[in-house]
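For reference, the structure is listed below as structure tokens.
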Amino acid sequence: MEPEALKICPYIPTHKMPASRLQYHLVSCKKKNPNIAKKMASCKYNACHVVPIKRLKEHEANCVYRTAVDDEPVNLPKLISTNLELKEKLPCTASQIPDPIVWDIDNMNHSSPFVLKTFTPRILVCESDSRDLKKEAMTANHHKNIK
């Protein structure tokens, strides 16, 4: 079995550890060296890549964990265009969907509003609570017996 490759700590270069322990070491070393950590930043492609803030953009541009997918712009499909287009494309029942642009008007045609009711447990779960209740019941019975 081959020994695991050693990684160098970005906070203190004299620290060397197996790659499998790097994440744990980075967390503890960052906490122990806050002044050094303020000047460092993590790569968005691999959190184990900690570099000086000044070199972060350069590192991310050349990071080996960066993929072509990361560079592509996100083109989400247009869900709802204008109100007129929506009514033309959808059947009659679907055109009753409220306009997503108008969000602050109450729509009473749908479900009733949620009302939070108070909850009182019927059974006490904690043992200490049940012991307190037993004591109270015993003292109440004791007072009744004395009278």
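Structure values in brief
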| quantity | calculated |
| --- | --- |
| Pairwise label distance in nanometres, T14 with A68, each label 7 Å out on the Cα-Cβ vector | 4.7 |
| Placed amide H near A41: partners under 5 Å, 5+ positions off or other chain | V51, I53 |
| ³J(HN,Hα), Karplus 6.51/-1.76/1.60, whole Hz, each residue of segment 51-60, x for Gly, Pro | 10, x, 3, 4, 9, 4, 4, 5, 4, 5 |
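Read-outs throughout are calculated quantities, based only on the coordinates presented, and are distinct from any laboratory measurement. Worth saying up front: this structure is predicted, and the values here are computed from it rather than measured. Virtual Cβ from ideal backbone geometry, glycine too; neighbours counted across all protein chains shown.
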